[in-house]
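S.K.: Got a structure here, written out as structure tokens. Questions coming.
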Amino acid sequence: MADVLRFRDDAAADEPAVSLDAFLDQTNAVSVRIEAGDDVRRLAPVLDRLRLVEIDFPKFRDGRGFSSASILREMGYTGEIKATGDVLVDLIFFMRRCGFDSFAPNVPLDPADAEAALNRYPYVYQHAADAEVPIWQLRHPELANG
């Protein structure tokens, strides 16, 4: 079992993540923890100093973290986004599509189960934060620019 699954080649941030308010009050913090209900758009002016954004999932059925990751990627954030808390293996495919690239769940994920979940669907149906090309665009490339 793995405690953290990480899909990045760079070195992991070693500074502890602080709350959003604490991060915004400090000038030397590089890791922030986003709780359910925090507005990640508040990070827009300081994206350049961020190395790690931890997004907590207090309950697996609370999907606000998916939106937070997507918003960060849409704002241009390229650093690490880590899902923490009640992260279930059957959701990590969708979390990866939203921009998560590491996972530190309360209950460790079996790497084989995670690999199976990540490779379960060979095609996607819409654009997302990842680089996957939707199946409609593969079938009809002439429609991609129109």
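S.K.: In segment 84-106, which residues have a backbone nitrogen under 13 Å from the label point lying 7 Å from Ala11's Cα in the Cα-to-Cβ direction?
M.R.: Output list for this probe position: empty.
S.K.: While we're looking at this one, here's another question. Quick one: longest stretch of the chain between exposed loop trypsin sites (Lys or Arg not before Pro), exposed meaning at most 12 other C-beta atoms within 10 Å and loop per DSSP?
M.R.: 62-119
S.K.: Tell me the label-point distance for the pair Asp130, Asn145, using the 7 Å Cα-to-Cβ offset, in nm and rounded to one decimal.
M.R.: 2.7
S.K.: If you don't mind, there's one more thing I want to ask. What is the chain's relative contact order, in percent, from Cα pairs under 8 angstrom and six or more apart in sequence?
M.R.: Relative contact order of the chain: 22 percent.
S.K.: How would you rank Met95, Met75, going from fewest to most other Cβ atoms within 10 Å of each one's own Cβ?
M.R.: Final ranking by Cβ density, sparse to dense: Met75, Met95.
S.K.: Can I ask one more? With 10 Å bins from zero, work out the P(r) of the chain over every alpha carbon pair and list the percent per bin.
M.R.: Answer for the chain: a P(r) of 11, 39, 33, 14, 3 percent.
S.K.: Show me, for segment 11-24, the HN-Hα J-couplings you get by feeding each phi into the Karplus relation (A = 6.51, B = -1.76, C = 1.60, θ = phi - 60°), rounded to Hz, glycine and proline as x.
M.R.: Couplings: 5, 5, 5, 10, 8, x, 7, 10, 4, 4, 4, 5, 4, 5 Hz.
S.K.: Between the helical axis of 64-74 and the dominant principal axis of the chain, each derived from Cα atoms, what acute angle in degrees is found, rounded to the nearest 10?
M.R.: 80
S.K.: If you keep only loop residues by DSSP, which chymotrypsin sites (Phe, Trp or Tyr not before Pro) in segment 56-146 have at most 14 other Cβ atoms within 10 Å of their Cβ?
M.R.: Here the chymotrypsin sites (Phe, Trp or Tyr not before Pro) that fit, given the DSSP loop and packing criteria, are Phe60, Tyr123, Tyr125.
S.K.: Taking amide H atoms as placed 1.01 Å from N in the peptide plane, list the residues 5 or more away in sequence, or in a different chain, whose amide H sits under 5 Å from that of Ile55.
M.R.: Excluding prolines and chain starts, which carry no amide H, the hits are Ile34, Lys82, Ala83, Thr84.
Computed from the coordinates by the stated procedures, all read-outs in this text should not be read as laboratory data. The structure displayed is predicted, hence computed values, not measured ones. FYI the Cβ positions are ideal-geometry reconstructions off the backbone, even for glycines, and counts take in every protein chain you see.
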